[in-house]
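Heads up: the structure comes next, in structure tokens.
The values are calculated or read from the model by the stated rules, or taken from the named source; none is laboratory data. Quick caveat, the model's predicted, so the values are computed rather than measured. Here the Cβ is made from the backbone with ideal geometry for all residues, glycine too, and neighbour counts use every protein chain on show. Each accessible area value is taken on the protein alone, full model and side chains, heavy atoms only, with ligands, DNA and RNA left out. Shrake-Rupley method; radii C 1.70, N 1.55, O 1.52, S 1.80 Å.
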Amino acid sequence: MVFLLMIHYIVLQDVSDELDLKIKKYLRGEGANLEALKDKKLKGQLSVREELFSKSAKVAAKADKYYLQIKYLKISLWLVPSEGGYLEGEGIEKTWRIKQEAISKEVDILSSRKQFDIILPELGPYTLDFTSSGRYMAVGGRKGHIGIVDMMQLSIIREFQVRETVRDVAFLHNEMFFAAAQKKYPYIYNRDGTELHCLKEHGAVLRLQFLKNHFLLASINKFGQLHYQDVTTGSMAGNYRTGLGRTSVMQVNPFNGVIGLGHSGGTVTMWKPTSSAPLVKMLCHHGPLSALAFHSNGNLMATAGKDKKVKLWDLRKFEVLQTFPGHANTLDFSQKGLLACGTGSFVQVLGDLSGSHNYSRYMTHSMAKGYQIGKLTFRPYEDVLAIGHSMGFSSILIPGSGEPNFDSWVANPFETSKQRREKEVRSLLDKLPPETIMLDPSKIGTVKPTKREKPTQKERETEVDAAIEAVKDKKMKKKTKGRNKPGKMMKKKQEAIDKVKRPYLEQKLKEEEVSRKKQKISEEVTLPKSLERFARKAAS
């Protein structure tokens, strides 16, 4: 902080010095010495003129100094980034009682423009998706309406009608391409609405997800088949039958690229494209799952079931952290960790304001009566929650939900076409292979420990015989009279041989005990409570 203040002071000092130099440049020489004049009238006229000259010089210097102010502003923005914040109530006031109308009156004009309702009752319900920068939004209506909206300019880039059912939309690596899950097959379109590909191998898809670091388009169809397709080469990276029936609950973990599926039996399975079996299969609810969401840090998962419970899970231990009463059709985590839950025409936002994974009610919002919420999505780098519902789509303000500062190398809302092309090339060069998708990506690059080879039975016997021979060949010390009897000498030699044999015999007994235990109890492994149901039971 002291360093920032020093830089701030130095820049201000430079700007003021530059201003003094500019004023001297525009002044018409040194001012006249008016103290020697005895004529009061002339003295007053000349003083007014000198004051006018100094004012005009200052105005000219300030106009010339404009570029210095811009430079100072840029330095200040770079040194002092924006800080995030949350709604705070006064006294005993509850933040979840604050309405959107009250928020819109207090925010600036640009922020109030982000609060809107688009009513299209004939084409809904709508599903939504944002680009990684949050500038563009793709909308898809169930009746075939597809469009791309520039959220910064609040203008429609392209909209068209496909004249068939649209179940989901998802952007690919940037706003130039997006995928739409239509009645029979998913299609890929460009920004102008031109159809580029028809992915017939996927079938009738219910949900789409794009893995941006691996350039994989993942889908789940109505037969419960999970597909992974590489959009750079067009090849199929994986095609697996989940074996747990039809599901429309699908979400990608942004931390490790693992796909999470929620099934009708109350289980959540996690998949990667190189494995035909799920990495994890855990029982989360006593009923079908209705929604699923992952935190950006990868350690937190939220699930909602038909048993009218919303649960928060710690994925490091696969244990429940918190349980909330209520139902949710859709869930979504924001960049700052807020959790949005939507059911019917009601939206509830839960917040972990203390940072201790203790979520509580933060904000609520009620839509017009009769609206049925289908999709909730937080807009990246903005305090905005987009809502897709049966009558169109809406946007509300959720203070503290978005990351206040963006990295232009990661996601730049103001990027030019040249920067977009360069980023596309760079991301293709940095593309990760499907094998890097795993539950713990921190293991990538580490050295796998080599297993210590166990000696064979023959090698052990040879080692024991050699040790016994060494003891037998050892000469015994001569003792005093009466202690060198042959019987005592043999007894001592036998004790030395038993001492050499003891470690080998103990090791053999341990191994026999371990193998006996393995035979008796094949599944004596402590599993988390959510996974105990799937443990293989011992034969009675």
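Quick notes on this one:
- When the criteria are applied in full, A138 meets the requirement of being in contact with an Asp or Glu (Cβ under 7 Å, 6 or more places away or on another chain) and of a type in the set (A, V, I, L, M, F, W, C).
- Verdict on E90 being modelled with pLDDT under 95 and not assigned by TED's automatic domain parsing to the domain that holds P404: yes
- Some residue of the range 385-395 being within 25 Å of L120 (Cβ to Cβ) and within 18 Å of the chain's Cα centre (by Cα): yes
- Among the candidates R113, R158, residue that is over 21 Å from K212 (Cβ atoms), over 28 Å from the mean Cα position of the chain (by Cα), surrounded by fewer than 20 Cβ atoms within 10 Å (Cβ to Cβ) and in contact (Cβ under 8 Å) with a residue 24 or more places away in the chain: R158
- Just one of the listed residues (G337, G260) is open to solvent by less than 10 Å² (accessible area, probe 1.4 Å), at pLDDT 95 or above and closer than 30 Å to T436 by Cβ, and it is G260.
- Residues that are part of a strand (DSSP E or B) and open to solvent by 40 Å² or more (accessible area, probe 1.4 Å) within the range 241-257 comprise R241, Q251, listed in sequence order.
- All conditions but one from (1) over 18 Å from A340 (Cα atoms); (2) touching a His at 6+ places or on another chain (Cβ under 9 Å) apply to L300; the one that does not is (1).
- For M236: the one exception among (1) surrounded by fewer than 16 Cβ atoms within 10 Å (Cβ to Cβ); (2) without any contact (Cβ under 8 Å) to a residue 24 or more places away in the chain: (2)
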